[in-house]
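S.K.: Here it is, the structure, as C-alpha cells.
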Amino acid sequence: MMKYTGRIIITLVGIGLVSIVRMYGILYYNVPPNQFPLVGLFVVLVLWTLGSPYDKLKFLSERDVLTKLYNRRYMQKAFPKLFTLAARKQEKLILYFIDVDNFKLINDTHGHEIGDQVLQRIASVLTRHSSKRDLVVRWAGDEFLILSPNTDDYSKASMISSIQNELMLSSQELNFSISVSIGSAIYPDQAQSLDGILHVADQDMYALKLGAS
C-alpha cells in the first residue's frame, strides 16, 4: 500500500505557513479571520496534490510493481540497519530463501499472464503467513525472501507448513501444481552479511529442492 509521507509533510508545512500568514494578517492588517478558511483549504488541497508524485516515486523505488512486496533495492538498503538493530538487542534473525518450483514450465505451459498471477498469489500467501515484524521481499524473478526475528524451530516449521499447505490448495483450485522450495539461514550463527546469509539460505534451498526431486 502506498504511504502518504510526502503529502502529509508538504501539507503540514503548508498549514503552518497559512496559519502564520493568517495570524500576521489579523494582527497587523485587521483582516477578518473568516477570509482565510476557503483560501487555506484551497492551499491545503493544492499541496496535498503536489505531494502525490513524491509518494508514488518513493513507492516505486521500494516496492515491486507486480507483487507490491518490498523489492531488492529496499532489502539491500534496509538489511544493514536491521542487522545492526538485531546485534544491539542480541537477537537472531532467520532468512528464508523461497524459490518457485518449475516456474519456467508454468510460463511455457500456461503463458506469462498466468505466471504473473502465480507470483502474485505466492506473494499474498507469504504475506499472510508472515508476522508484522517480518520483511517479505521479491528478490528476483521467481525468488522471494522473508527476514524474520522468529528463529525458533516451531515458528520455522509452522510458517513453512502453512505456506506449503495453502499453495497445495491453490494448486487444486488452478488445476496445476504450485509449490515452492524454502531454504533458511540464521544470523549471526551461519553468516554475518547479506551476501553470506543469502548464500547459505540459497544452498539450503537447493539441497531441499534436489532432495525432493
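The values are calculated or read from the model by the stated rules, or taken from the named source; none is laboratory data. Predicted, not measured: the structure shown is a model, and the values here were computed from it. When we count neighbours, we look across all protein chains shown, and the Cβ atoms used for this are built from the backbone with ideal geometry, even at glycine.
S.K.: Return the total of residues in region 100-114 being assigned to a loop (DSSP other than H, G, I, E, B) and without any contact (Cβ under 8 Å) to a residue 24 or more places away in the chain.
M.R.: 1
S.K.: Another question, if that's okay. Looking at region 69-122 only, could you name the residues that are of a type in the set (Asp, Glu), more than 24 Å from ALA191 (Cβ to Cβ) and touching a strand residue (DSSP E or B) at 6+ places or on another chain (Cβ under 7 Å)?
M.R.: Answer for region 69-122, where residues must be of a type in the set (Asp, Glu), more than 24 Å from ALA191 (Cβ to Cβ) and touching a strand residue (DSSP E or B) at 6+ places or on another chain (Cβ under 7 Å): just ASP101.
S.K.: In this structure, is SER181 touching a residue at least 40 places away in the same chain (Cβ under 8 Å), among the hydroxyl-bearing types (Ser, Thr, Tyr) and either touching a helix residue (DSSP H, G or I) at 6+ places or on another chain (Cβ under 9 Å) or surrounded by 16 or more Cβ atoms within 10 Å (Cβ to Cβ) (or both)?
M.R.: When the stated conditions are applied, SER181 passes them.
S.K.: Restricting to region 165-194, give me the number of residues that are at pLDDT 95 or above and among the acidic types (Asp, Glu).
M.R.: 1
S.K.: Can you tell me which of SER124, SER155, SER162 is under 21 Å from the mean Cα position of the chain (by Cα), farther than 21 Å from TYR74 by Cβ, at pLDDT 95 or above and surrounded by fewer than 17 Cβ atoms within 10 Å (Cβ to Cβ)?
M.R.: When all the criteria are applied, what remains is SER162.
S.K.: Also: So, in region 178-190, how many residues would count as being over 30 Å from PRO80 (Cβ atoms) and among the polar types (S, T, N, Q)?
M.R.: Counting residues in region 178-190 that are over 30 Å from PRO80 (Cβ atoms) and among the polar types (S, T, N, Q) gives 1.
Yes or no, residue by residue, for (1) crowded, with 17+ Cβ neighbours inside 10 Å; (2) under 21 Å from ALA86 (Cβ atoms); (3) in the same structural domain as LYS77 (by TED's automatic domain parsing):
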position	(1), (2), (3)
ASP101	no, no, yes
GLY115	yes, no, yes
SER148	yes, yes, yes
PHE176	no, no, yes
ILE197	yes, yes, yes
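S.K.: Scan region 154-189 residue by residue and report those that are in contact with a strand residue (DSSP E or B) (Cβ under 9 Å, 6 or more places away or on another chain) and among the polar types (S, T, N, Q).
M.R.: Once the filter is applied, which keeps residues that are in contact with a strand residue (DSSP E or B) (Cβ under 9 Å, 6 or more places away or on another chain) and among the polar types (S, T, N, Q), region 154-189 yields SER155, GLN164, SER179, SER181, SER184.
S.K.: Sort through GLN190, GLN203 and tell me the only one that's surrounded by 15 or more Cβ atoms within 10 Å (Cβ to Cβ) and not small (Gly, Ala, Ser).
M.R.: Only one candidate passes the filter, namely GLN190.
S.K.: Answer yes or no: is there a residue in region 169-178 that is touching a residue at least 24 places away in the same chain (Cβ under 8 Å), in contact with a helix residue (DSSP H, G or I) (Cβ under 6 Å, 6 or more places away or on another chain) and assigned to a loop (DSSP other than H, G, I, E, B).
M.R.: yes
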